[in-house]
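Trainee: Structure below; questions to follow.
Laboratory data are not the source of any read-out in this text; all were calculated from the coordinates shown. Keep in mind the model is a prediction, meaning the values are calculated, not measured. Every residue, glycine as well, gets a Cβ built from its backbone with ideal geometry; the counts of neighbours run over all protein chains shown.
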Amino acid sequence: MTYAVGAPDSGAPAGPGRLVERFEQGLDAPICLTWELTYACNLACVHCLSSSGRRDPRELSTDECKAVIDEFERMQIFYVNIGGGEPTVRPDFWELVSYATEHHVGVKFSTNGSRITRPVAERLAASDYVDVQVSLDGATAAVNDTVRGPGSFETAVRAMDRLAGAGAAGFKLSVVVTRHNVGQLDELKELADRYGAQLRLTRLRPSGRGAEVWEELHPTAEQQRLLYGWLLARGEDVLTGDSFFHLAGYGESLPGLNLCGAGRVVCLVDPVGDVYACPFAIHDQFLAGNVRQPGGFAAVWRHSELFTELRRPQSTGACGSCGHYDSCRGGCMAAKFFTGLPLDGPDPECVLGHGELALAGRGETAPPRPSLDHSRRRRPVPRPVPVAMMPRPPDRPCDESPLATSDQGA
Amino acid sequence: MTFDGTRPWTLHPLVSLRPESFGALAYHFGTRRLSFLKSPTLVAVVESLADLPSGHDACRAAGLTGVELERYERALAALAESGMICERGTS
């Protein structure tokens with residue numbers, strides 16, 4: 001979302017500065033909530049942050065989902081970022097979308113495009129309260145399909161064709177930036193422009209299956225620098241979901257609130273109702289509770305031990321003495337955790353290189369593994385995927401810090 | 001839209017306000033922009049717009065004068081610019 005600070009603030013410039021502290025202490029309800037509706041997916045992207053593939057038999061029923069939506073409405077959560085898995089494979093997906101919008105909860109959902117038929121595109125074009133993000137991780141089939149699976153480029157492009165044809169102006173083209181597509185930023189922007197879509201770039205996290213490919217796929221230090229310059233030049237024209245706030249260490253902040261919103265202004269509700277601090281932190285250590293518990297989601301958000309702890313002032317640890325801490329605020333919690341780095345140390349992609357040193361000094365202990373795995377089968381690194389299944393859409397909107405999102409849409 | 005305090009204003013029909021300790025969050029479902037209203041007084045002014053004859057009246061009703069009044073009118077201008085509030089009858 002694009003945010004503006006529309007209010008007087010005695011003396012201080014109208015920047016989000018002071019608000020950041022408020023946000024770090026948490027709000028009564030999340031600003032940005034990601035809700036993965038299912039772990040089922042017809043793709044098998046190598047970097048899937050939720051290790052999706054197979055449906056979980058414990059997934060919330062239609063009625064339970066509606067009860068959760070009722071709760072979101074009571075909490076005045078403006079919108080939810082729905083992902084998965086591929087959310088549209090749930091037979092009740094459209095029923096839930098309608099239910100949410102009828103109850104004043106806007107929906108933004110991520111899809112690989114496989115279920116965007118012409119009638120669906122027309123329906124999406126007609127609603128102010130539903131926004132769609134088509135996931136694509138390369139400007140060419142060669143680059144995209146290596147990560148998302150054979151045929152996935154064509155599927156996404158066909159979906160964009162239909163959306164544009166139906167007049168769904170302003171839908172999002174959502175890209176996880178990798179070592180292999182970072183050289184295609186201009187082409188990706190052109191592709192989005194061609195369909196009247198808005199480009200959204202997000203950061204590759206070592207979460208879910210992403211942990212297995214992060215070493216090979218995350219942008220190099222040199223590429224990060226180029227990405228930063230590219231994003232800075234485009235300002236709010238390209239959305240990022242506040243994904244890249246760790247790049248603020250280069251100097252100027254990118255649009256967004258530039259903070260880790262985990263458990264403070266963002267969280268994840270997974271398909272079985274578990275509430276995690278953020279979509280990239282599916283691990284027991286970041287599990288705050290479950291929406292099926294007494295008190296439901298609100299009780300987890302407001303009173304869980306984990307979220308209460310995250311809203312206390314955090315140790316700055318090894319980063320405390322760095323002059324850039326106020327810019328990057330130590331970076332991404334999930335990126336640190338799943339690369340085996342201490343949470344109060346540098347981000348693995350720290351722009352000053354402290355992360356690389358920390359990675360080199362990790363020792364023999366293996367990084368924590370994700371607590372859940374719904375993958376259809378284990379799959380090694382990026383290489384063309386066997387034909388059996390197609391990849392899934394990784395990026396979910398709110399990825400992360402919603403807040404940060406400075407976008408018109410995220 | 002440019003803010004003219006002599007005109008009648010209202011919160012845009014596609015905007016929702018959510019109270020927060022610092023003021024409120026405002027979310028526009030059409031533009032998908034989020035704004036932070038950083039003072040309870042501003043929230044009160046924005047909420048009263050629809051019931052009063054003009055933007056100036058809403059500010060006066062909140063007891064704003066002098067420099068404060070100017071600051072709040074600038075904030076209203078920013079909200080008008082981003083479409084969060086609109087002239088009544090124009091949405």
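Trainee: Please list the non-local residues whose amide H lies under 5 Å from the amide H of A:Leu33, H modeled 1.01 Å from N, same-chain partners needing a gap of 5 or more.
Mentor: A:Asn81
Trainee: Now, a different point. Please enumerate, by chain and number, the lysines with C-alpha under 17 Å from the C-alpha of A:Lys189, excluding those fewer than 8 residues away in the same chain.
Mentor: Here the lysines satisfying the reach criterion relative to A:Lys189 are A:Lys172.
Trainee: Now for a separate question. Taking R0 as 25 Å, what FRET efficiency do you get between A:Glu73 and A:Trp230 from their Cβ-Cβ distance, rounded to the nearest 0.05?
Mentor: So, using R0 = 25 Å, E works out to roughly 0.05.
Trainee: Starting with the highest mean, order A:353-363, A:191-201 by the number of other Cβ atoms within 10 Å, averaged over the residues of each peptide.
Mentor: A:191-201, A:353-363
Trainee: Quick one: 3J(HN,Hα) in Hz for region A:197-209, Karplus 6.51/-1.76/1.60 with θ = phi - 60°, rounded, Gly and Pro as x.
Mentor: Once rounded to whole Hz, the list reads 9, 10, 7, 10, 10, 10, 8, 6, 10, x, 9, x, 5.
Trainee: Could you work out the helix-only [θ] at 222 nm for chain A, with each DSSP H run of four or more residues adding -39,500 (n - 2.57) and the total divided by the number of residues, to the nearest 500 deg cm²/dmol?
Mentor: My calculation for chain A gives -8500 deg cm²/dmol from helical runs alone.
Trainee: Explain nothing, just the number: dipole magnitude of region A:181-237 about its Cα centre with +1 on each Lys and Arg Cβ and -1 on each Asp and Glu Cβ, in debye rounded to the nearest 20.
Mentor: Working: 8 positive and 10 negative charges, 41 e Å.
It works out to roughly 200 debye.
Trainee: Which value, in debye to the nearest 20, gives the size of the charge dipole of the protein assembly as shown about its Cα centre, when Lys and Arg are +1 and Asp and Glu are -1 at the Cβ?
Mentor: Approximately 880 debye in magnitude.
Trainee: Next up: By how many nm would the segment from A:Ser371 to A:Ala126 grow when fully extended, if each residue of separation counts as 0.36 nm and the alpha-carbon distance is taken off?
Mentor: 84.3 nm
Trainee: Return the lysines within reach of A:Lys66: Cα separation strictly under 23 angstrom, same-chain partners fewer than 8 residues apart disregarded; answer none if there are no such residues.
Mentor: A:Lys108
Trainee: If the cut-off is a Cα-Cα distance under 15 Å, which aspartates and glutamates reach A:Lys336, setting aside same-chain residues fewer than 8 apart in sequence?
Mentor: Candidates past the 8-residue exclusion: A:Glu212, A:Glu215, A:Asp344, A:Asp347, A:Glu349, A:Glu356, A:Glu400.
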